[in-house]
Amino acid sequence: MCQPAMARALTEAQRLKDLARLRRVRDRIDRDYAQPLDVEALARSVHMSAGHLSRQFRLAYGESPYSYLMTRRIERAMALLRRGDLSVTEVCFAVGCSSLGTFSTRFTELVGMPPSAYRRQASGEAAGIPSCVAKQVTRPVRTRPARAGQPQPA
């Protein structure tokens, strides 16, 4: 095998290994979203640097690991708020956020309204709708695209 072909094969093998590690990180975020997770710990768990993980995750999934984690937390928060039996503060902590301010800001960015307004509106609208359908219909969508050239949280 000539050098360029061997180098391409090694590069492709590394890319596939990195994708498998990125899937493990994404699966861990999906499973453990309510636990304290940070990019450094996620990176250590797959033997990558935090910077490399963030860059590769963004290339593979279109958003940073932190942004993906917060989206999962907001999705779960929406389901809890639709139930209507928990306060916004209780929901904030139940989904793994440690700051009510950060939670409310991120919720508003993704959903388009503050969590308290969502709770009031959704409690009546979701009555009688199966939770699996409500989750699919109310999935958060970014209301603001990330600004090019602006540093994004890792």
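Restricting to the stretch 26-41, what's the tally of residues that are outside any loop (DSSP other than H, G, I, E, B), touching a residue at least 40 places away in the same chain (Cβ under 8 Å) and hydrophobic (A, V, I, L, M, F, W, C)?
Residues that pass the stated criteria total 2.
If a residue has to be part of a helix (DSSP H, G or I), closer than 30 Å to ALA43 by Cβ and of a type in the set (Ser, Thr, Tyr) to count, how many in the stretch 66-125 make the cut?
Result for the stretch 66-125: 8.
Within the set of pairs 6+ apart or on separate chains, which have a first residue in the stretch 97-112 that is closer than 14 Å to TYR66 by Cβ, a second that is of a type in the set (D, E, K, R), and C-beta atoms under 7 Å apart?
What qualifies is CYS97/ARG73; GLU109/ARG144; LEU110/ARG142.
Could you figure out which of (1) surrounded by fewer than 17 Cβ atoms within 10 Å (Cβ to Cβ); (2) assigned by TED's automatic domain parsing to the domain that holds ARG21; (3) hydrophobic (A, V, I, L, M, F, W, C); (4) at pLDDT 95 or above isn't true of ALA41?
Of everything listed in (1) surrounded by fewer than 17 Cβ atoms within 10 Å (Cβ to Cβ); (2) assigned by TED's automatic domain parsing to the domain that holds ARG21; (3) hydrophobic (A, V, I, L, M, F, W, C); (4) at pLDDT 95 or above, ALA41 misses just condition (4).
Out of curiosity, is ALA127 at negative phi, of a type in the set (Gly, Ala, Ser) and at pLDDT below 95?
It is true that ALA127 is at negative phi, of a type in the set (Gly, Ala, Ser) and at pLDDT below 95.
Taking only the stretch 42-57 into account, find how many residues are assigned to a loop (DSSP other than H, G, I, E, B) and not small (Gly, Ala, Ser).
3
The values are calculated or read from the model by the stated rules, or taken from the named source; none is laboratory data. Remember, it's a predicted structure, so these values are computed and weren't measured experimentally. Glycine gets a Cβ as well: all are built from the backbone with ideal geometry, and neighbour counts include every protein chain shown.
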